[in-house]
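See below for the structure under consideration.
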Amino acid sequence: FGWKSIAEQVSHHPPVSALHVEHENWTYYQDFSMTSKFRGKYLQVFPIGTSHFINKRTGHHFTWNKVCTTVHNIIVGKLWVDQSGDIVVKEHSTGANSRVKFHPYSYFSRDTPRRVTGGVFDPSGRPRYVLDGTWDNSMSFGVSTSTDPDDLKGKDFKQIWLKNATLRDSEKIYHFTALACSLNEPEDGVAPTDSRNRPDQRLMENQNYPDANLMKVKLEEGQRARRRAREARVASEGNSAKYVPKWFEKRACDVTGEDIWRFTGEYWTCKGSQDWARCPRIYEDPSPESLATSPVETEEP
């Protein structure tokens, strides 16, 4: 694909994940957490965190938020998912921005289901382009014919995104994309804590569900034992014994001023030299006895 990525769970309670993706022409990074609300018949998930994209050739720095995901028919009926809310994409060197609306599904509406509309605006706020489409199939843009940002109209629409064709027998693979299906492929030379090395996950992928369940229990027991051991060390030694993420550090963003988890750059160096001294071998022997005194790689209180 021409890019490389690394993700780490930098906090266990609350759960926070940090991601960094590197390409020759661009960089993408974010940290991600969420809140949720259960409404009886449906569950709403509200993402927390800002996404960053930097074009290395032009220096343009884009940021944006994420919308609410709603899972319907949690208790009874066929599960289905909807996206709703507003995304604001900002380009920080010029002041240009885009505002995109994900329209919530309504039984009484004649609007196209899963519709997405929006516009691209210059630094003065004048609409330059109009966006229209659906979040699950395709998106198009056209040149704006309106000067009113609240009444967008456009012409000469062109398609800019189209969903890839569904894989054959997709219902047997949970409708995953080809990329999603490849994410758990083994790779030599990765960190011993890489999730692709997790034995219960591999057993489950190989359809050995009884052994996968047993291994999952052992791993979780080991995790709890390590957490108790660490809490005891914190109580006796102070904050110096607290968990510290291995590949990311929190610092203020130069663009937004927000505190964000940023990649230190050390992972690729350690991978090149195969220096994994900082990583505990949490999968080699998942018994609580062997892991009770190990440093923690994947959780934080």
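The values are calculated or read from the model by the stated rules, or taken from the named source; none is laboratory data. Note that the coordinates shown come from a computational prediction; the quantities given were computed from them, not determined experimentally. Virtual Cβ from ideal backbone geometry, glycine too; neighbours counted across all protein chains shown. For accessibility, only protein heavy atoms count, side chains too; no ligands or nucleic acids. Shrake-Rupley method; radii C 1.70, N 1.55, O 1.52, S 1.80 Å.
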**Fill in**
Counting only residues in the stretch 188-237 that are among the small types (G, A, S) and under 30 Å from G272 (Cα atoms), the one surrounded by the fewest Cβ atoms within 10 Å (Cβ to Cβ) is identified as G189
**Message:** If I filter the stretch 2-9 for residues that are small (G, A, S), at pLDDT below 95 and surrounded by 15 or more Cβ atoms within 10 Å (Cβ to Cβ), do I get at least one hit?
**Reply:** no
**Request:** For the stretch 105-121, name all the residues that are at pLDDT 95 or above and either touching a Ser or Thr at 6+ places or on another chain (Cβ under 9 Å) or not hydroxyl-bearing (S, T, Y) (or both).
**Result:** R114, R115, V116, G118, G119, V120, F121
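The rows are residues; the columns are (1) among the charged types (D, E, K, R); (2) under 29 Å from H52 (Cβ atoms); (3) without any contact (Cβ under 8 Å) to a residue 24 or more places away in the chain.
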| residue | (1), (2), (3) |
| --- | --- |
| K153 | yes, no, yes |
| A191 | no, yes, no |
| S195 | no, yes, yes |
| R233 | yes, no, yes |
| C253 | no, yes, no |
| E258 | yes, yes, no |
| W261 | no, yes, no |
**Request:** Return a yes/no flag: does the stretch 272-288 have any residue that is open to solvent by 50 Å² or more (accessible area, probe 1.4 Å), modelled with pLDDT of 95 or more, among the hydroxyl-bearing types (S, T, Y) and out of contact with any Leu (no Cβ under 7 Å at 6 or more places or on another chain).
**Result:** yes
**Prompt:** Of the numbered conditions (1) farther than 20 Å from L179 by Cβ; (2) surrounded by fewer than 17 Cβ atoms within 10 Å (Cβ to Cβ), N25 satisfies every one except a single condition; which is it?
**Reply:** (1)
**Request:** List every residue pair whose Cβ atoms lie under 8 Å apart, where the two residues are 6 or more positions apart in sequence or sit on different chains, the first residue falls within the stretch 40-55 and is over 17 Å from S84 (Cα atoms) and modelled with pLDDT under 95, and the second residue, located anywhere, is assigned to a loop (DSSP other than H, G, I, E, B) and open to solvent by less than 40 Å² (accessible area, probe 1.4 Å).
**Result:** none
**Prompt:** Going through the stretch 10-22 one residue at a time, which ones are within 14 Å of F263 (Cβ to Cβ), open to solvent by 40 Å² or more (accessible area, probe 1.4 Å) and of a type outside the set (G, A, S)?
**Reply:** L19, E22
**Request:** Would you check which residues across the stretch 61-103 are open to solvent by 80 Å² or more (accessible area, probe 1.4 Å) and within 18 Å of K37 (Cα to Cα) and list them?
**Result:** I75, V76, L79, W80
